[in-house]
Amino acid sequence: MRPGVGLIGKKLGMTQVFREDGRTVAVTVLEAGPCAVVGERTLDKNGYRAVQVGFDAPKRYLKEFRLAKDEQVAAGTVVTVEMFKPGDRVDITGRSIGKGFSGGMKRWHWKGGKQTHGSMTHRRPGSIGSSTTPSRVFRGHHMPGHMGDKTVTTLAMEVVRVDLEKNLLLLKGSVPGSDRAIVYIRKSVKPPKKVVVQTAVKKKAAQPVKAAAKPAAKGGAKK
């Protein structure tokens, strides 16, 4: 488990806000905390350092966060969204929305079969075997099955706004889970991907081609 105390929150939904430069950005609104530290884990007693954080009344949801090497958080401490500020990056862990039993095209984005000439295999997986050699189905082969309802972590999400009075975090982009779902919020240790902007390269003007000089005739000109 990555060290660093975090928050337990609840996903409220999505909306859009305006940045200072006038651009709109889609954000997910989280009710994050306040969370109380209800327990401690020590090296002497447990063999590792961590704190147990509670959220909602009467601390219905609990989550254990490992502490960083020099981090000190005592029992009874209340952790709020004050630990974040606009521009910070956070990792959000939640339970993705369950989709039930799904076919291969929906679950794995298969291209599908022929659409005309009497084909009956538009959305079917087709053969999965490998004939004589190796005469088996490879492990991990994509097939229809249960989709979603998994623990998912979205990395390096940008904090757009922080509302200290209402304990709200506005994050750019989507967060795993349905509305009112419980999520876990931690400071990100992975930097966001750098966007490389490719600029058009100006082409140099074509230079006129000089005519090659004709070689002099051997033996000189005839008189």
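Here are some notes:
- The lone exception for ILE92 - which of (1) out of contact with any Asp or Glu (no Cβ under 8 Å at 6 or more places or on another chain); (2) in the same structural domain as THR24 (by TED's automatic domain parsing); (3) more than 18 Å from ALA26 (Cβ to Cβ) it fails: (3)
- All positions within the stretch 54-67 that are loosely packed, with under 15 Cβ neighbours inside 10 Å and assigned to a strand (DSSP E or B): TYR61, LEU62, GLU64
- Looking only at the stretch 102-145, residues that are touching a residue at least 12 places away in the same chain (Cβ under 8 Å) and of a type in the set (Phe, Trp, Tyr) come to 2 in all.
- Condition check for LYS85: over 18 Å from VAL183 (Cα atoms), loosely packed, with under 13 Cβ neighbours inside 10 Å and either in contact with a Ser or Thr (Cβ under 6 Å, 6 or more places away or on another chain) or outside the structural domain of ILE182 (by TED's automatic domain parsing) (or both): no
- Annotation note: of GLY76, GLY13, GLY22, GLY4, the sole residue that is at positive phi and part of a strand (DSSP E or B) is GLY13.
- The residues of the stretch 124-165 that are over 20 Å from VAL90 (Cβ atoms), surrounded by 13 or more Cβ atoms within 10 Å (Cβ to Cβ) and aliphatic (A, V, I, L, M) amount to a single one, MET147.
- Test for ASP91: is it buried (at least 16 other Cβ atoms within 10 Å of the Cβ), among the charged types (D, E, K, R) and either at pLDDT 85 or above or outside any strand (DSSP E or B) (or both): yes
- Residues that are of a type in the set (A, V, I, L, M, F, W, C) and within 18 Å of GLY4 (Cβ to Cβ), drawn from the stretch 139-161: LEU155, ALA156, MET157, VAL159
- Residues satisfying the stated conditions in the stretch 25-53, i.e. in a strand (DSSP E or B), small (Gly, Ala, Ser) and within 23 Å of VAL78 (Cβ to Cβ): ALA32, ALA36, GLY39, ALA50
- Residue match in the stretch 139-154 (condition: closer than 30 Å to PHE65 by Cα, among the basic types (Lys, Arg), assigned to a strand (DSSP E or B) and at pLDDT 90 or above): no
- Candidates VAL175, VAL162: the one that is touching a Lys or Arg at 6+ places or on another chain (Cβ under 7 Å) and outside any loop (DSSP other than H, G, I, E, B) is VAL162.
The values are calculated or read from the model by the stated rules, or taken from the named source; none is laboratory data. Since this is a predicted model, take the numbers as computed values, not measurements. Because the Cβ atoms are built from the backbone with ideal geometry, glycine has one as well, and the counts that use them run over all protein chains shown.
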